[in-house]
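Some notes on the structure that comes next.
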Amino acid sequence: MGSMIDFDRADGKGKARGYLATSTRAGAPGVVVIQEWWGLQDQIKGVCDRLAAAGYHALAPDLYNGVAVPYHDPDAANAQMTSLNFIDATDNAVRGAVQYFKKQGLKAGLTGFCMGGAVTIIGSVRIPELDAGVCFYGIPPVQAADPAQVRIPLQGHFASRDDWCTPQAVEAFEAAVKAAGKRVEFHMYEADHGFINEQRDAVHDAPSARLAWERMMDFWKKHLG
């Protein structure tokens, strides 16, 4: 189990807060984990705990500053997400979390789910310290992240029945990234948006979630160690 910590924002303007789970592996790399639009839920903290158990320090910034939206209230989740300044959050809270690991001489990856998947792609363009990224079912608008500017090896996991991050949007983004000569590895699953989240019975798909997790861990091993 991890705990909440404060860490420096990248712009030096105070602190950000997040959930940190630490690994006992010597020299373990770090992974920054970005929440769904529901906020820093226990499920996201659980992802950090799983990563720590697998040999990676994991830090999830609290981008909603203490607000966690109940799963039955998508309107409230949408209100929280639309009020978030994605660029500021990526450049300062998320980059600060990456720098938390880099200051310790560690490699650092970035992953996120839904809204956090979009932030992961924005970070793949805007955060120079990153070593690799894994996106789960989230793609930002091109004005937030030009596919041609992706800096890092990028893996993506998407759902065929997703009406938010649609297969058409995924195909267009993947084609643009590859056309720019970037390293990208995208996977599509016969599942619904949010299929990783085991707390949401309506969308969780255990076989797809297990396969996506295994692929992510292989990717981290290759690019982070």
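The values are calculated or read from the model by the stated rules, or taken from the named source; none is laboratory data. What you see is a predicted model, and the numbers here were worked out from it, not measured in a lab. Cβ placement follows ideal geometry from the backbone for every residue including glycine, while neighbour counts extend to all protein chains displayed.
In the range 29-53, the residues that are of a type in the set (Gly, Ala, Ser) form Cβ pairs under 6 Å with partners that are in a helix (DSSP H, G or I), at six or more places apart or across chains, as follows: 30/101. Scanning the range 178-225 for residues that are β-branched (Val, Ile, Thr) and modelled with pLDDT of 95 or more, we see that the one that is nearest to residue 149 (Cα to Cα) is 196. Within the range 14-41, the residues that satisfy the criterion of being within 15 Å of residue 97 (Cβ to Cβ) and surrounded by fewer than 19 Cβ atoms within 10 Å (Cβ to Cβ) are 14, 15, 17, 22.
Checking every residue in the range 57-72 against the condition of being of a type in the set (A, V, I, L, M), touching a Pro at 6+ places or on another chain (Cβ under 7 Å) and at pLDDT 95 or above gives zero matches. Can you pull out every residue in the range 173-218 that is in contact with a Ser or Thr (Cβ under 8 Å, 6 or more places away or on another chain) and of a type in the set (Asp, Glu)? Correct list: 190 only. Scanning the range 123-141 turns up no residue that is crowded, with 20+ Cβ neighbours inside 10 Å and among the basic types (Lys, Arg). Being within 17 Å of the chain's Cα centre (by Cα) and more than 18 Å from residue 130 (Cβ to Cβ) is a property that residue 215 has. Residues in the range 128-172 that are part of a helix (DSSP H, G or I) and within 29 Å of residue 74 (Cβ to Cβ): 147, 167, 168, 169, 170, 171, 172. Scanning the range 42-71 for residues being in contact with a Cys (Cβ under 6 Å, 6 or more places away or on another chain) and surrounded by fewer than 23 Cβ atoms within 10 Å (Cβ to Cβ) gives a total of 0.
Scanning the range 173-217 for residues that are assigned to a helix (DSSP H, G or I), out of contact with any strand residue (DSSP E or B) (no Cβ under 9 Å at 6 or more places or on another chain) and either exposed (fewer than 14 other Cβ atoms within 10 Å of the Cβ) or among the β-branched types (Val, Ile, Thr) (or both) turns up 175, 179, 206, 210, 214. Against the numbered list (1) more than 20 Å from residue 44 (Cβ to Cβ); (2) surrounded by fewer than 20 Cβ atoms within 10 Å (Cβ to Cβ), residue 164 comes up short only at (1). The single condition among (1) touching a Gly at 6+ places or on another chain (Cβ under 6 Å); (2) in a loop (DSSP other than H, G, I, E, B); (3) closer than 25 Å to residue 179 by Cα; (4) not polar (S, T, N, Q) that residue 110 does not satisfy is (2).
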